[in-house]
Amino acid sequence: MNVQPSYYVRVVRLRWRVVAAFAVAGAMLAGLLTFMSQRQEPEVQITYFVATHKVVLSEEAVNAGFIPNLLQTALQITGDKIPSAVGEALGEDPDDLSAMVRTVTDTEVNKIEISAASEDPDFAALVADRFAAELITHMGARELGVYESALEEAQLQITTATDQVGALESEIADLKVAQLTLSRELDDSLDAEAEAELEETELPDSVRDSLLVRSELVDVEDEVRRAETQLTSRMALLEDALATLDSLQREGPPAAVMTTLDIVEPFAISEGEYNDRIRQGTRAENNFTSRSVPATSTGGLALGKTVSNPLVRIVLGLIGGLMVGVGAVLVHLRFDPRLRTKADVEEAFDLPVLAEIPAFNKADRKLVELHAITRTRSSVTESYRMVRSALVFAKATIEAPFVMDATEPVDHSDTTRSVAADIAKAVTGSEMRVVMVTSPGPSEGKTTTTANLAVVLAEAGYEVLVVNCDYRLPKLHKFFGCPHEPRRTLETGVPGVTLVADVADPGDVNPTDVVEIQRTLITKARKHFDVILLDTAPMLATNDAAAILPVVDLVVLVAAEGKTDREAATETVDLLRRRRANLAGVVLTGATGFGRSRYYYKYRYGNYYDQAADAVAAVDLTQSSPEHQPQAMAHSGSQN
């Protein structure tokens, strides 16, 4: 079912009684359960207690930068080491003590709440205090170890740097001695070379070449610079290590990392909460943050039962019933085979919807009324005019085009009707067209559609013959206020509309004979009328409608919203297509959903219609015979 969300809202509104019944049932059930629960619930015996010890990071630790991860610290409280130490001190099983304890960590204020639950309030307080004390000791010992490790590291760095500085200083001293020796040797070589050159003699064997000496001197100078650079770096490390050691010694060992903030006296809890705490502790699920802690664990008296306001329960039951009611309506709608939307109709019939006829109110349903006469400006009449316009464009679906100029001004004068009819004949190349109006089943609005369609066709200037072909259950004459006189053409009081109430006398009950008479009448009437409308029996009820298809040019199907089902629609179209009928489309009656334009039309023209429609209808009818005037007649049956 392809529908818009607004359609579901409309369906729920239409089925408000069902929804209201579910809502009332839900409220009554909630009230009954509340009454029974209040009578059956025993008074809670308060036999369990919780004591809490709150610890925070000390100011000294924060200032010194000793800020541990509190979430990991909380896990250590219920881990192995701290419960074992407390268990050894109290002579209790560490696992049992760990299950009794719950931690709540607040990282925004660096706080951990350690609470313990027990039947004995004093024991609960003792366990909470011992766990807090053990945590403070454990954190202090850990940070002291960190301090001592830092001292050792600083001293090790000083020793290493000192040794490296001494070694480099010794190396530099040796290199400088070698540098001085090579410098002197270079001077001697240069002097010897100058003297030999002056005397033009060769150098003694004991004097080396100055170039060789100069090369060795350059290498030694490079080694001196390298060693001096390393010495500067090691001196910097030594100074840093000395500064770190001096800082640690001046600050001394760290103060306590954590300290007590507050001790909460034991308070009573219910047996249910106590069992929940023990169960969570056994599963190692007893570490919470300030945002995830259960509400009942923050303090105060928490009873094992939920004390609810009966009125609140009834309201919740009402809301629950309301939701179930809406769901039931929507589920029923999902599996309901009846057609309820334009999209459903077009899918089931495989035909376009020519128009949607608005649903009548309760008062109108009891009347046999020609809206096209009595309410000329109503949305119902406009919908029938849309059917008329749709038939104009249906010419593409039949062999000879079916053309009616719906744009001609409405005028009931004989001259205007004659001109319009002449135009239609010239365009179509035929004197008239026969249109069958039928539906899959009874009471789907085909007779109402036939009567009103005849009026709006005549309004456009056509000479229309309306024939009742449903001889088993004739109703068409009632819409025009005519007597049921078989085998006669009756003036309806509507200019341009002539009626045949029946083709045979009541005694002529042979269906074959009746169908033959209907065919003969239709064939002869083609010469005298522009349009012949046939109001037939339902397609799936009898064979009457199918029997006259050979003399029909166009078929208009009628479906009722919420009444016609999908299977009937499919069978009807299959039957007509097997008979090679030309199908114009479907008129959807009893439609309940329209767009904004339809509501605008009702708002804009509704008041005008209420004040003037009856007067306009009375003026039009004064020109016709007073014996057979269309009127609204009380009728106990459903609309056909």
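Are any residues in the range 257-289 within 39 Å of the chain's Cα centre (by Cα) and open to solvent by 60 Å² or more (accessible area, probe 1.4 Å), and if so, which ones?
Residues satisfying the conditions are 276, 279, 283, 284, 285.
In the range 355-370, what residues are touching a helix residue (DSSP H, G or I) at 6+ places or on another chain (Cβ under 7 Å) and either at pLDDT 85 or above or open to solvent by 30 Å² or more (accessible area, probe 1.4 Å) (or both)?
Of everything in the range 355-370, those that are touching a helix residue (DSSP H, G or I) at 6+ places or on another chain (Cβ under 7 Å) and either at pLDDT 85 or above or open to solvent by 30 Å² or more (accessible area, probe 1.4 Å) (or both) turn out to be 355, 356, 357, 358, 370.
Could you please tell me which pairs satisfy a Cβ distance under 8 Å, a separation of 6+ or placement on different chains, a first residue in the range 178-194 that is farther than 14 Å from residue 211 by Cβ, and a second residue that is assigned to a helix (DSSP H, G or I)?
Between residues of the range 178-194 that are farther than 14 Å from residue 211 by Cβ and residues that are assigned to a helix (DSSP H, G or I), the close pairs are 178/220; 179/217; 179/220; 179/221; 179/224; 183/217.
Just for the range 545-591: of the residues that are buried (at least 20 other Cβ atoms within 10 Å of the Cβ) and acidic (Asp, Glu), which one is modelled with the lowest pLDDT?
561
Of all residues in the range 490-508 being out of contact with any His (no Cβ under 8 Å at 6 or more places or on another chain) and at pLDDT below 90, which is surrounded by the fewest Cβ atoms within 10 Å (Cβ to Cβ)?
Here the residue is 507.
With 523, 536, 542, 512 as the choices, which residue is touching a Lys or Arg at 6+ places or on another chain (Cβ under 8 Å), open to solvent by 20 Å² or more (accessible area, probe 1.4 Å) and not charged (D, E, K, R)?
Going through 523, 536, 542, 512 in turn, the sole match is 542.
Has the range 545-552 got any residue that is assigned to a helix (DSSP H, G or I), without any contact (Cβ under 8 Å) to a residue 60 or more places away in the chain, within 12 Å of residue 436 (Cβ to Cβ) and of a type in the set (A, V, I, L, M, F, W, C)?
Checked against the condition, which is being assigned to a helix (DSSP H, G or I), without any contact (Cβ under 8 Å) to a residue 60 or more places away in the chain, within 12 Å of residue 436 (Cβ to Cβ) and of a type in the set (A, V, I, L, M, F, W, C), the range 545-552 yields at least one hit.
Checking residue 558 against (1) closer than 19 Å to residue 438 by Cα; (2) in contact with a Phe, Trp or Tyr (Cβ under 7 Å, 6 or more places away or on another chain): exactly one of these is not met. Which one?
(2)
The values are calculated or read from the model by the stated rules, or taken from the named source; none is laboratory data. Everything numeric in this text was worked out from a predicted model, so none of it was measured. Methodologically, a virtual Cβ is constructed for each residue, glycine included, from the backbone with ideal geometry; neighbour enumeration extends over all protein chains shown. What goes into the accessible areas is simple: the full protein's heavy atoms, side chains included, and nothing from ligands, DNA or RNA. Shrake-Rupley method; radii C 1.70, N 1.55, O 1.52, S 1.80 Å.
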